[in-house]
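Colleague: Take this structure, written in structure tokens, and hold onto it; I'll ask about it next.
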Amino acid sequence: MTRETPRLDDDLQPVAGGGLLDRRLFLRQSLGLGAGTGLLLTGMDAPAANLPPWMKTPGAPFSNYGQPSPRERETIRWISANPAAPGNGISWTPLHRLEGTLTPNGLHFERHHNGVPQIDPDRHRLLLHGLFGNPLSLSIEDLLRYPMVSRLCFVECGGNSNAGWHEEPIQTPVGYFHGLASCSEWTGVPLATLLDEAGLLPDARWLIAEGADAAAMNVSIPVEKALDDTLLALYQNGERIRPENGYPLRLILPGWEAVLNVKWLQRLQAAREPVMARNETAQYSELQPDGKARQFTFLMEAKSLITQPSPGFRLRGPGLYQISGLAWSGRGRIRKVEVSADGGRTWAEAALQEPVLSKCFTRFRLPWRWDGSPRVLKSRASDETGYQQPERATLIAERGRNGYFHYNAIVSWAVAADGSLSHVYA
């Protein structure tokens, strides 16, 4: 008796509406996504005349520091700066053009209030003063002698995705809408080590952190977080932090809004009360429907978005595609990401790319067979605490329309019959 080889189509039965397929197909077999897109080679010989030019001449010489290919010029940060004060503005990470989970240092998002200071590390010092029994003043050279640890985590601006509050959906590539979030490996000295050495007094409840830029931005940080997983970072993704990311020293508070991750850190004052600075009163405070204001909402809640396919790209016709995106949560690990291709009527669980780390970007993937008809793609994340990313209508019902920060609602992409994608509220 002979056994027939199963056809690929036999395993491509949808697990949810709109053509979503079982996430385990990625583990079992090739999906044949490249079928018909290339040429079959019948031999190893190729006429020399057909060799591309880069195989006929020596390549470029060594360089002291590697640069991206000039063919990848579209993979850049998009900048929005105040014309009257160019040092005040933001730049977005192009999430839609990246893969994996780590953000290259040169593409990490930025938020500056008064430009990027060019600090001499030999003159820079960190002062710990206030409610300490043994105040400290440390040079960068001093800090580099301490035992270090590394933490992989995302950093996300509290204002990331704030266009989601608008009445009409913004039409822009996903990274230039949700790209005030990046993920890196940060290496430095646990802040708890220095707080212990400086003799933090029992009545200290807050640390006032201040940067050494021309804006001298300062914010208040609860002592409990400072003693937990806060890091005095000196390195990012293996190299010394770059000036726009806080060189020579910045705070990293995994899972908490980026405004607290003070760049160019020069001072930590232990105090009984918060400083009530501009960025915790006039900013980062939000009026709620009941008339109360949210303040000191440090935690970044669970969030996800589909980066491929997404607006700005076009599907080339019906067939098999990979849906891919990112999820993260300030509460801990992502437990599950679900994807819908029918506007949220049905959902299929996506595969999570290992390793799935706490307070870190997690890449999710799901195979999808598009039949060429209009569809609406959505993703929703759940973290290890049980928190689930809300629908936009739910978030607005809870928080009202006066908000600007901490937008984490489900994002929807409409796929048109011609393969184009747009941002919709669904």
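The values are calculated or read from the model by the stated rules, or taken from the named source; none is laboratory data. Fair warning: this is a prediction, and the values are worked out from it, not measured in the lab. Neighbour counts are summed over all protein chains in view; Cβ atoms, including those assigned to glycine, are modelled from backbone coordinates with ideal geometry. These accessible areas exclude ligands, DNA and RNA; they are computed on the full protein's heavy atoms, side chains included. Shrake-Rupley method; radii C 1.70, N 1.55, O 1.52, S 1.80 Å.
Colleague: Identify, from the list 313, 364, 405, the residue that is out of contact with any Phe, Trp or Tyr (no Cβ under 9 Å at 6 or more places or on another chain) and at pLDDT below 95.
Modeller: 313
Colleague: Also, quick follow-up: Among the residues of the stretch 140-153, what is the count of those that are more than 30 Å from residue 323 (Cα to Cα) and open to solvent by 20 Å² or more (accessible area, probe 1.4 Å)?
Modeller: Count: 9.
Colleague: Same structure, new question: Against the conditions (1) within 17 Å of residue 387 (Cβ to Cβ); (2) open to solvent by 10 Å² or more (accessible area, probe 1.4 Å); (3) of a type outside the set (Gly, Ala, Ser), where does residue 322 fall short? Just the number, please.
Modeller: Residue 322 satisfies every listed condition except (1).
Colleague: For residues that are out of contact with any Lys or Arg (no Cβ under 8 Å at 6 or more places or on another chain), part of a loop (DSSP other than H, G, I, E, B) and either in contact (Cβ under 8 Å) with a residue 60 or more places away in the chain or on the phi > 0 side of the Ramachandran plot (or both), tally how many sit in the stretch 290-307.
Modeller: 4
Colleague: Another question about this same structure. Look through the stretch 362-404, keep the residues that are assigned to a strand (DSSP E or B) and among the aliphatic types (A, V, I, L, M), and return whichever of them is nearest to the chain's Cα centre (by Cα).
Modeller: Out of the qualifying residues, it is 381.
Colleague: Moving on to the next point. Considering (1) under 13 Å from residue 165 (Cα atoms); (2) buried (at least 23 other Cβ atoms within 10 Å of the Cβ); (3) of a type in the set (A, V, I, L, M), say which one residue 366 fails and leave the rest.
Modeller: All conditions are met except number (1).
Colleague: While we're looking at this one, here's another question. Report, by residue number, each residue of the stretch 366-397 that is farther than 19 Å from residue 423 by Cβ and touching a Lys or Arg at 6+ places or on another chain (Cβ under 7 Å).
Modeller: 366, 382, 383, 384, 385, 387, 388
Colleague: For the stretch 55-102, how many residues are β-branched (Val, Ile, Thr) and either farther than 21 Å from residue 245 by Cβ or open to solvent by 80 Å² or more (accessible area, probe 1.4 Å) (or both)?
Modeller: Just the residues of the stretch 55-102 that are β-branched (Val, Ile, Thr), to begin with: 57, 75-76, 79, 90, 93, 101.
Cutting the leftovers down to either farther than 21 Å from residue 245 by Cβ or open to solvent by 80 Å² or more (accessible area, probe 1.4 Å) (or both) gives us 57, 76, 79.
The qualifying residues number 3.
Colleague: Can you tell me which residue in the stretch 380-423 is most open to solvent (accessible area, probe 1.4 Å), limited to those that are closer than 25 Å to residue 308 by Cα and among the polar types (S, T, N, Q)?
Modeller: 388
Colleague: How many of the residues making up the stretch 95-142 are assigned to a loop (DSSP other than H, G, I, E, B) and more than 17 Å from residue 360 (Cα to Cα)?
Modeller: 16
Colleague: Can I ask one more? Filter the strands (runs of 3 or more DSSP E) completely within the stretch 162-269 down to those with at least 1 residues that are open to solvent by 20 Å² or more (accessible area, probe 1.4 Å).
Modeller: The strands (runs of 3 or more DSSP E) meeting that bar are 181-190, 206-211, 218-222, 231-236.
Colleague: Whether any residue in the stretch 277-289 is among the charged types (D, E, K, R), touching a residue at least 40 places away in the same chain (Cβ under 8 Å), within 23 Å of residue 91 (Cβ to Cβ) and open to solvent by less than 60 Å² (accessible area, probe 1.4 Å) is what I want to check.
Modeller: No, the stretch 277-289 contains no residue that is among the charged types (D, E, K, R), touching a residue at least 40 places away in the same chain (Cβ under 8 Å), within 23 Å of residue 91 (Cβ to Cβ) and open to solvent by less than 60 Å² (accessible area, probe 1.4 Å).
Colleague: Does the stretch 118-132 hold any residues that are in contact (Cβ under 8 Å) with a residue 12 or more places away in the chain and either open to solvent by 60 Å² or more (accessible area, probe 1.4 Å) or within 17 Å of residue 232 (Cα to Cα) (or both), and which are they?
Modeller: Passing the criteria: 118, 119, 121, 122, 124, 125, 126, 127, 128, 129.
Colleague: Then there's this: With the structure loaded, tell me whether residue 156 is open to solvent by 10 Å² or more (accessible area, probe 1.4 Å) and within 17 Å of residue 108 (Cβ to Cβ) or whether it fails that test.
Modeller: Spelling it out, it is not the case that residue 156 is open to solvent by 10 Å² or more (accessible area, probe 1.4 Å) and within 17 Å of residue 108 (Cβ to Cβ).
Colleague: Here's something else I'd like to know. State whether one or more residues within the stretch 199-209 are over 20 Å from residue 159 (Cβ atoms), out of contact with any Cys (no Cβ under 9 Å at 6 or more places or on another chain) and at pLDDT below 95. Give the steps one after another, and end with the answer.
Modeller: Step one: filter the stretch 199-209 for residues over 20 Å from residue 159 (Cβ atoms), giving 199-208.
Right, trim to out of contact with any Cys (no Cβ under 9 Å at 6 or more places or on another chain) and you get 199-208.
Next cut, at pLDDT below 95 only: none.
Among the residues of the stretch 199-209, not one is over 20 Å from residue 159 (Cβ atoms), out of contact with any Cys (no Cβ under 9 Å at 6 or more places or on another chain) and at pLDDT below 95, which makes the answer no.
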